[in-house]
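Beneath this line is the structure, given in structure tokens, with notes to follow.
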């Protein structure tokens, strides 16, 4: 029987038996319930082109954390030089005949 203060008769509180890991696991599971989930048949997945649903600025903003992670994984610093000094190579298409 539960008393007015939420305690269980006999001095036992059922929450005391739950570990921190269990509470954290339950909290993560509760947070995942709001994730949007979509199921597609194999081969019927939508394409990855976001241009119809996002702006160029939004797509660049999505890319930046990926670029930072890639540079961090390489162990090299992110290059810092003026745009006109950017090392590039232009490859022109041959004219079709």
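Before moving on, here are some points about what is shown:
- Computed E for residue 88/residue 50 - FRET, C-beta separation, R0 30 angstrom, nearest 0.05: 0.75
- Separation in nanometres of the label points that stand 7 Å from Cα toward Cβ, at residue 70 and residue 57: 2.4
- Ascending count of other beta-carbon atoms within 10 Å, so fewest first, for 20, 88: 88, 20
- Relative packing of peptides 57-69, 37-49 - highest average C-beta neighbours within 10 Å first: 57-69, 37-49
- Per-residue Cβ neighbour counts within 10 Å put 84, 21 in the sequence 84, 21, beginning with the fewest.
- Fraction of the pair-distance distribution of the range 21-97 above 20 Å, Cα-Cα pairs, percent: 71
No value in this document is a laboratory result; all are computed from the given coordinates. Treat the numbers as computed from the prediction; the structure is a model and nothing was measured. Because the Cβ atoms are built from the backbone with ideal geometry, glycine has one as well, and the counts that use them run over all protein chains shown.
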